[in-house]
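Trainee: One structure coming up, written as structure tokens, with questions to follow.
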């Protein structure tokens with residue numbers, strides 16, 4: 001059935017309830033809510049969550065915003081924790097220790113710090129072992145929970161508290177790691193990059209595919225952070241749109257090795273459009289810093305071209 | 001009547017794990033415990049057990065997966081040594097704070113650095129305040145028996161704490177000795193079924209585990225953990241009683257060897273007890289009133305009980321196979337002397353650090369300790385309470 005936002009919202013109540021403590025204008029809660037809506041209403045889920053903004057603001061003892069089963073243990077191991085739960089499920093189901101008609105799905109949420117950096121080993125291990133789970137990285141491009149420190153997901157030149165834009169060093173001096181490609185190199189059944197855009201269609205459909213594809217699947221979801229990026233809280237969806245329309249965050253999926261770009265902007269917007277509304281890139285717009293914009297644009301173009309080539313190459317008969 | 005066999009310590013542990021048939025085993029290779037997951041994965045490959053074996057990419061993930069599996073409602077087990085345990089360290093505390101009765105086999109080895117793969121107790125001592133029940137084993141038989149008793153203790157409703165069974169790397173883990181195994185069905189019946197009250201895979205009652213637990217609650221939660229550790233003492237003895245009924249083998253907090261009329265004694269753990277018993281026998285033949293206490297239950301620490309047993313000695317030496325590097329004596333020494341102080345037992349006590357990094361501990365070394373104890377007993381003088389035995393000058 002074709003995706004219909006109204007129907008999804010009407011027929012599938014949010015499994016992450018209101019009353020959590022995430023910031024206004026944070027990109028993560030709409031992402032989590034929509035991904036969980038992709039679950040079949042009759043299916044049970046176990047959510048594993050890395051330490052981070054999402055965890056500390058949704059499960060502060062004795063209150064939880066999660067209606068499914070939920071486990072948080074530490075920062076770097078959301079994937080391996082989930083892999084243990086999934087292994088127990090397999091084992092207990094096989095032994096008849098769980099109701100035969102019970103279907104439980106396993107979804108892990110981690111920020112970019114807990115995924116690109118400290119949790120990369122645990123993620124890689126769990127994916128390679130083939131657990132039937134979906135790992136969702138909500139990528140806000142820095143360690144936001146501890147106060148906006150740079151991560152390997154932070155884009156070049158971004159001003160963070162550990163890569164401050166100073167008079168000698170203009171922000172982070174390294175390019176962003178491409179984790180989606182790292183995960184594609186694990187040869188998983190399904191890897192996708194997505195965002196909350198265009199009525200959440202891309203996000204919902206990819207989440208549904210990831211959850212109901214057997215085996216380890218990975219979703220990388222750009223989730224802007226108003227505190228770290230420096231945009232007005234009511235601008236979240238606009239920022240998401242600009243990330244896609246500038247090709248800063250291409251929407252694509254890799255299904256059994258085949259690349260498919262799920263949205264190609266009719267007219268690719270210049271990267272300034274995405275950078276300008278964000279305080280973290282303010283210094284890039286000072287006179288004399290045009291080279292930074294040029295370099296940033298070049299990097300975006302290079303990655304977009306590479307992706308187009310991958311799509312073409314992987315679909316050749 | 002049990003089954004007579006000849007097994008190494010690691011084989012004995014793997015056999016117990018096979019008989020326990022846990023739902024999940026997650027482990028990572030590290031000498032000298034590697035053989036345990038090796039043997040166990042053979043049981044999995046041949047369909048001897050129902051277990052899901054998770055060959056994780058690190059010990060950190062081994063403990064994380066065990067936490068996930070146990071929280072899910074399954075029985076989870078693992079095995080490790082030294083740096084593996086150090087790498088798990090963060091998750092060791094989380095496992096106990098989540099009150100998950102995970103059972104681990106710890107094959108004791110020196111923690112780096114520098115790198116050394118041989119036996120001492122520095123790995124175990126690094127987690128002594130982590131809220132795990134810690135049982136020590138003199139030989140393969142005790143490593144096996146302790147593991148068979150483990151789940152009954154850990155999963156008790158008044159306890160709900162993770163438990164580790166320690167044995168000495170190589171000395172016990174790789175030496176083949178006689179052992180009496182218990183029949184499979186008897187072990188199965190003894191260990192029983194795991195019936196957690198709340199668990200993640202109960203779709204009818206979704207639960208959330210591992211909150212942000214701030215100033216209003218953490219103190220009380222830690223108190224509950226401490227209560228559980230105190231409760232464990234009673235449960236450990238009850239389980240030992242049932243175990244004795246089944247096997248005839250008697251276990252308590254510690255083993256007292258010729259302590260009834262002893263005037264001097266050594267307190268030690270694990271395989272050193274075997275050597276010490278021989279020395280005690282020799283000394284007894286010479287008319288020396290020597291005894292030994294071998295600590296089996298290190299956590300919870302049997303403070304009152306040990307003070308009672310040691311309280312009337314003329315001198316006692318406490319042997320630590322790990323140096324606490326604190327200029328104040330080994331970990332076992334500190335626990336024993338503080339137990340005696342609180343119980344108002346003033347016995348001259350000395351700390352001996354020995355066997356670091358697999359340094360062989362011979363009966364000569366132990367004799368030296370007893371000779372020094374005789375001297376202390378005679379004069380009451382202790383010039384230096386922080387001593388080493390077996391250290392090259």
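The values are calculated or read from the model by the stated rules, or taken from the named source; none is laboratory data. Please read these numbers as outputs of a predicted model, since none were measured by experiment. Here the Cβ is made from the backbone with ideal geometry for all residues, glycine too, and neighbour counts use every protein chain on show.
Trainee: If I ask for residues that are in contact (Cβ under 8 Å) with a residue 40 or more places away in the chain and within 11 Å of chain B (Cβ to nearest Cβ), which ones from the range A:6-48 would you list?
Mentor: Within the range A:6-48, A:15, A:42, A:43, A:44, A:45, A:46, A:47, A:48 qualify.
So that you can scan it fast, the table gives a plain yes or no per residue for (1) touching a residue at least 24 places away in the same chain (Cβ under 8 Å); (2) under 19 Å from the mean Cα position of the chain (by Cα):
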site: B:318; (1), (2): yes, yes
site: B:326; (1), (2): no, no
site: B:346; (1), (2): no, no
site: B:352; (1), (2): yes, no
site: B:358; (1), (2): yes, yes
site: B:367; (1), (2): yes, no
site: B:374; (1), (2): yes, no
site: B:387; (1), (2): yes, no
site: B:393; (1), (2): no, no
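Trainee: Here's a check for you: in the range B:323-354, which residue that is in contact with a strand residue (DSSP E or B) (Cβ under 8 Å, 6 or more places away or on another chain) and on the phi > 0 side of the Ramachandran plot is surrounded by the fewest Cβ atoms within 10 Å (Cβ to Cβ)?
Mentor: B:327
Trainee: Restricting to the range A:1-48, give me the number of residues that are in contact with a strand residue (DSSP E or B) (Cβ under 9 Å, 6 or more places away or on another chain) and outside any loop (DSSP other than H, G, I, E, B). Walk me through how you get there before you give the answer.
Mentor: Going through the range A:1-48, the residues in contact with a strand residue (DSSP E or B) (Cβ under 9 Å, 6 or more places away or on another chain) turn out to be A:15-17, A:19-21, A:27-29, A:31-33, A:35-36, A:39-40, A:43-48.
Next cut, outside any loop (DSSP other than H, G, I, E, B) only: A:16, A:28-29, A:31-33, A:35-36, A:44-48.
Total satisfying the criteria: 13.
Trainee: Being closer than 29 Å to residue A:282 by Cα, assigned to a helix (DSSP H, G or I) and touching a strand residue (DSSP E or B) at 6+ places or on another chain (Cβ under 6 Å) is the filter here; which residues of the range A:199-243 pass it?
Mentor: Scanning the range A:199-243 gives a single hit, A:243.
Trainee: May I ask you to list pairs of residues, at least six apart or on different chains, whose Cβ atoms are under 9 Å apart, with the first in the range A:92-107 being over 30 Å from residue A:220 (Cβ atoms) and facing chain B (nearest Cβ under 7 Å) and the second being modelled with pLDDT under 95 and crowded, with 17+ Cβ neighbours inside 10 Å?
Mentor: none
Trainee: Shifting gears a bit: Pull out all pairs, ordered by first then second residue, where Cβ-Cβ is under 8 Å, the residues are six or more apart or on different chains, the first lies in the range B:105-117 and is at positive phi, and the second is at pLDDT 95 or above.
Mentor: No pair meets every condition.
Trainee: What helices (runs of 4 or more DSSP H), lying completely within the range B:286-393, carry at least 2 residues that are over 23 Å from residue B:233 (Cβ atoms)? So that I can check it myself, show each step before the final result.
Mentor: Details: elements: B:303-310, B:331-342, B:363-379.
So the answer is B:363-379.
Trainee: Now a separate question. In this structure, is residue B:57 in the same structural domain as residue B:148 (by TED's automatic domain parsing), closer than 20 Å to residue A:74 by Cα and at pLDDT 95 or above?
Mentor: On the way: in the same structural domain as residue B:148 (by TED's automatic domain parsing): yes; closer than 20 Å to residue A:74 by Cα: yes; at pLDDT 95 or above: yes.
Considered against the rule, which asks whether it is in the same structural domain as residue B:148 (by TED's automatic domain parsing), closer than 20 Å to residue A:74 by Cα and at pLDDT 95 or above, residue B:57 comes out as yes.
Trainee: Which condition number in (1) free of Cβ contacts under 8 Å to residues at least 24 places away in the same chain; (2) more than 7 Å from chain B (Cβ to nearest Cβ); (3) over 24 Å from residue A:206 (Cα atoms); (4) touching a strand residue (DSSP E or B) at 6+ places or on another chain (Cβ under 8 Å) is the one that residue A:51 fails?
Mentor: Going through the list (1) free of Cβ contacts under 8 Å to residues at least 24 places away in the same chain; (2) more than 7 Å from chain B (Cβ to nearest Cβ); (3) over 24 Å from residue A:206 (Cα atoms); (4) touching a strand residue (DSSP E or B) at 6+ places or on another chain (Cβ under 8 Å), residue A:51 breaks only (1).
Trainee: Taking the stated definitions as given, is residue B:179 more than 23 Å from residue B:21 (Cα to Cα), touching a residue at least 40 places away in the same chain (Cβ under 8 Å) and in contact with a helix residue (DSSP H, G or I) (Cβ under 6 Å, 6 or more places away or on another chain)? So that I can check it myself, show each step before the final result.
Mentor: Numbers: more than 23 Å from residue B:21 (Cα to Cα): no; touching a residue at least 40 places away in the same chain (Cβ under 8 Å): yes; in contact with a helix residue (DSSP H, G or I) (Cβ under 6 Å, 6 or more places away or on another chain): yes.
Here the answer is no, as residue B:179 does not meet what is asked.
Trainee: If I filter the range B:234-242 for residues that are under 18 Å from the mean Cα position of the chain (by Cα), in contact (Cβ under 8 Å) with a residue 12 or more places away in the chain and farther than 20 Å from residue B:308 by Cβ, do I get at least one hit?
Mentor: yes
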